[in-house]
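The structure under discussion appears below in the form of structure tokens.
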Amino acid sequence: MFYRKISANSLNTKRLDSDFYRPEYLVIDEVLSHLNCVKLGSIGHFFTGPFGSKLPSSLYVEEGIPLFRVANVGQFEVITESFVYLAPKSHEELKASEVLPGDLLIVKASVGEKICKIPESLPKANITQHIIAIRPKNHMDIDYISTFLFSYYGVGQLQRYSLGSIIQYLGVTDTKNVSLYYPHLVAQKYIGDKVRQAEELRAWAMALELKFQKQLKTFYPEAFKDKSTGKKHSMAPIEDMSYTLNPGAFDEERLRIRLYLKKCGSIKLKEVASIEGTTSSDYSQDTTYIGLDSISSGTCALSPSNIRKSGVTGTSRILNEGVVVAKLRPYLNKISYIPKSLSGSVGSTELLCVRPLNELNGWYIYGVLKSDIGLRQLKPLASGSTHPRIDQYDLYDLIFPIHQDSEIMGKWLENAQAAYFMASYLVISAKSLVEALIEGQLTEEQLIKAQQTLEDGDNTLDKAILHKLSSEGYAIEGATPLFSDVDELYRLLASATAAADSED
């Protein structure tokens, strides 16, 4: 409960609900009132998608123009995994809600959580009624603007202008009233470039993962084909009946893939790797925690948390460097790699830890298990109606191909995960820089000078700023630096740029 006496000048006659005048919102108002701000509505054209009756699911097709739904809008990134599509004719009929590269998307219901920019890789798309789109004016740095909206001062305002007691919901008109801090354009560019660098690193990481999959598919093409006939019975070799009578083990496609891989010289995973399962309840509230939600189903990206934020109690799995495979619901493909920097963290007891027995590259093991070669062998084995699981014996029995270029291929994935991590750090750094500017910890002049020296080929000032960043903010005494190795960031950025240039 709170109360606050509001002057007549501070009242918004369109918003007389008490939540609009929460103390923290008024503090944000006060802070921004002393800075150069513009209304968000002045930056460009605002529009939203059509009502549901004009966009029924019957219009969805397998290929065509992508349709952005709430699930496709992430934090600074597009989530393509659950895209649905519209036929070109349907899209043309809904032309008013067409979005183009550079447009900014804001989800109405997930206030301050889901905002992203349409990338150049999507020439055009459409949106549903649950998304607000902004087409910025030419001189606007949309990446800086999205960073501000994700900052404490942006999220606070978006929440303030939203309506609803159970589910907060943003309207187009109210969104336009958000005050946007508007520093010098060069300072905006310095911050916006951090977001663009993150975008470049993510694109490179995805390209490296795709490269791995293509290489695997080139050498083992039959393992990626679907030749299912729908038969309810199968003829299984005697060696495939060695440890289980689970009906899923004799799925016709699973048996076909295993037989094919054996003919290619593949062996069982138990011959090249061991599975560990040490647990502990001896950890602090700040111990890094990796739950199933931390693991991406489609990429090697990880989103670690800690015990306090995750609300974990009891026993957890001790995670050392290497591959982790989730026992629960294998169809979700929750498989990842714990890098050296996170070795010693703890995680869900649903995770099995896989370690190479010899010199085989651990990243290569991860890549194969994450691919269709692993998924199509493990998915049919899940047993249990409510919480289907596999066990370590299912994993040991997996037929595993060893590619002659396993070391090189593993390095691709190692670089991919490093790029994903650096991309997430760059996004955090951009948000922290906006907040540091607003709170006076940094000046516009410092960012302008850092940007100008970067353009002259000197990264000294940029390094100095990056060294002061942590997940807690800018220049926080005693905080762990966000970038433990700034030179590694520059190396990855150079590699990503070189890869992009070679494609052009």
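Scanning the stretch 160-210 for residues that are in a strand (DSSP E or B) and among the aromatic types (Phe, Trp, Tyr), which turns out nearest to Leu40 (Cα to Cα)?
Tyr181
Of the conditions (1) of a type outside the set (Val, Ile, Thr); (2) part of a strand (DSSP E or B); (3) free of Cβ contacts under 8 Å to residues at least 12 places away in the same chain, His45 fails just one. Which one is it?
(3)
Within the stretch 434-444, does at least one residue satisfy the condition of being within 21 Å of the chain's Cα centre (by Cα) and small (Gly, Ala, Ser)?
Taking every residue of the stretch 434-444 in turn, none turns out to be within 21 Å of the chain's Cα centre (by Cα) and small (Gly, Ala, Ser).
Starting from the stretch 441-452, take each residue that is outside the structural domain of Leu35 (by TED's automatic domain parsing) and list its partners that are charged (D, E, K, R), counting only C-beta distances under 8 angstrom and pairs at least six apart or across chains.
Once the first residue is outside the structural domain of Leu35 (by TED's automatic domain parsing) and sits in the stretch 441-452, its partners that are charged (D, E, K, R) give Ala450/Asp462; Gln451/Lys189; Gln451/Asp193.
Ile43: modelled with pLDDT of 95 or more, in contact with a Pro (Cβ under 6 Å, 6 or more places away or on another chain) and assigned by TED's automatic domain parsing to the domain that holds Leu170, yes or no?
Yes.
How many of the residues making up the stretch 375-411 are free of Cβ contacts under 8 Å to residues at least 40 places away in the same chain and buried (at least 21 other Cβ atoms within 10 Å of the Cβ)?
Total meeting the criteria: 0.
Taking the stated definitions as given, is Ser82 of a type in the set (Gly, Ala, Ser), in the same structural domain as Ser151 (by TED's automatic domain parsing) and outside any helix (DSSP H, G or I)? Steps first, answer last, please.
On the way: of a type in the set (Gly, Ala, Ser): yes; in the same structural domain as Ser151 (by TED's automatic domain parsing): yes; outside any helix (DSSP H, G or I): yes.
Judged against the criteria, Ser82 is a match.
If a residue has to be β-branched (Val, Ile, Thr), closer than 17 Å to Ser341 by Cβ and in a helix (DSSP H, G or I) to count, how many in the stretch 460-494 make the cut?
1
Suppose we filter Ile145, Ile127, Ile134 for residues that are within 14 Å of Asn72 (Cβ to Cβ) and hydrophobic (A, V, I, L, M, F, W, C); which single one remains?
Ile127
Considering only the stretch 185-201, state which residues are of a type in the set (Gly, Ala, Ser) and either within 18 Å of Arg491 (Cβ to Cβ) or surrounded by 24 or more Cβ atoms within 10 Å (Cβ to Cβ) (or both).
Residues satisfying the conditions are Ala187, Ala198.
Given the conditions (1) part of a strand (DSSP E or B); (2) under 23 Å from the mean Cα position of the chain (by Cα); (3) surrounded by fewer than 21 Cβ atoms within 10 Å (Cβ to Cβ), report the number of the one that Ser341 does not fulfil.
Unmet condition: (1).
Only one residue in Thr497, Thr453 is among the polar types (S, T, N, Q), assigned to a helix (DSSP H, G or I) and more than 29 Å from Gly367 (Cβ to Cβ), so which one is that? Working first, answer last.
Numbers: Thr497 fails: more than 29 Å from Gly367 (Cβ to Cβ).
The conditions single out Thr453.
Considering the stretch 206-235 alone, what residues qualify as being under 30 Å from Pro380 (Cβ atoms), aliphatic (A, V, I, L, M) and in contact (Cβ under 8 Å) with a residue 40 or more places away in the chain?
Kept after step one, since they are under 30 Å from Pro380 (Cβ atoms), are these residues of the stretch 206-235: 206, 208-235.
In the following step, the residues that additionally are aliphatic (A, V, I, L, M) were identified as 206, 208, 210, 216, 223, 235.
Listed by number, the residues that qualify are Met206, Leu208, Leu216, Ala223.
Out of Pro123, Pro119, report the one residue that is over 20 Å from the mean Cα position of the chain (by Cα) and part of a loop (DSSP other than H, G, I, E, B).
Pro123 is the lone residue from the list that is over 20 Å from the mean Cα position of the chain (by Cα) and part of a loop (DSSP other than H, G, I, E, B).
For Asn415, only one of the following conditions fails: (1) within 18 Å of Glu271 (Cβ to Cβ); (2) touching a residue at least 12 places away in the same chain (Cβ under 8 Å). What is its number?
For Asn415, the exception is condition (1).
Okay, residues lined up against (1) farther than 30 Å from Glu222 by Cβ; (2) assigned by TED's automatic domain parsing to the domain that holds Ile79; (3) modelled with pLDDT under 95:
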{"residue": "Asn246", "(1), (2), (3)": "no, no, yes"}
{"residue": "Leu302", "(1), (2), (3)": "yes, no, no"}
{"residue": "Val312", "(1), (2), (3)": "yes, no, yes"}
{"residue": "Leu328", "(1), (2), (3)": "no, no, no"}
{"residue": "Ile338", "(1), (2), (3)": "yes, no, no"}
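The values are calculated or read from the model by the stated rules, or taken from the named source; none is laboratory data. Treat the numbers as computed from the prediction; the structure is a model and nothing was measured. Positions of Cβ are generated from backbone atoms using ideal geometry, with glycine treated the same way; all protein chains shown enter the neighbour counts.
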